[in-house]
Amino acid sequence: MKPCFVLILLAAGAASRMIEKRVIGSKSCKDNRRYHVQIKSVQGGKICGGALLNTRWVITASHCAEQEVKVTLGLNHDKLSKMKTVFDSEKEQIISTKQQHTFDKHDIMLIRLNKDVPAKYPTISLPSGDCTKLEPKTEVAIGGMGADKIGSKPISNVKCATTLISECGENDKPDSKYASDESTVCAHKPGVDSCYGDSGSAVEYKGHLQGIVVSEPKDKCANTIVMLDICKYMEWIEKTMKEN
């Protein structure tokens, strides 16, 4: 993998025609995932992903913030990322804890931006109609700007991959607060990992936001990716955005 999500070469002795596949698990997102944002602790030490829901709100994992953070938007949009204009103050915003909203100690957060971004900033939509937890073996899209290994720096471009919803193993969940949470789901696909800097990134299903990556690997990249399914939080999301 080039950072973000890693595909490990399954056959070490692959023929020369396969050499170019040794580091693929993610690939260029091209026109996809333009809603992706990067979230960095102002104090340092935390780097995560997130997703722009509309001109005012970003969704991420709560452990990615809970302190003053810098939110950077337009990272996978060539025109927006290269633009140096009056919009610079909208592309990078320092967000205080007062504008960070967490659901009842769960690992999901809505961040209210200081300044609305223009409507031309791409967003990801919430599920329409009934939202149901995905069944095992369902394919979902993931992505981020994570490192390719612990100790490496996150990359400067967004990478995309797909993985499959799976049953969570006893030791898969990051810590005890996820153990009995019915919204916690896992995903696994051989060779596809999440790494440092990918937590908080969107899980996408059929073009809609389905979940948030909560894996927070410290010692090695996470081969089983742990997520929060968005369905349980739909009412809270809509209420929080409306009332704030």
Quiz item: Ranked highest first by average number of other Cβ atoms within 10 Å, how do 92-102, 228-238 line up?
Solution: 228-238, 92-102
Quiz prompt | Percent of Cα pairs exceeding the 21 Å cut-off, where the set is region 116-241 | solution = 40
Practice problem: Evaluate the distance, in nm, between pseudo-label points positioned 7 Å from the Cα of residue 137 and of residue 243 along their respective Cα→Cβ axes. | Solution: 4.2
Quiz item: How far apart, in nm, are the 7 Å Cα→Cβ label points at residue 220 and residue 153?
Solution: 2.7
Self-check item: Gain on full stretching of the segment that runs from residue 56 to residue 98 - 0.36 nm per residue minus C-alpha separation
Solution: 13.7 nm
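None of the figures in this text is laboratory data; all of them are computed from the coordinates on show. Fair warning: this is a prediction, and the values are worked out from it, not measured in the lab. As a convention, Cβ positions derive from the backbone with ideal geometry for all residues, glycine included, and neighbour counts pool all protein chains shown.
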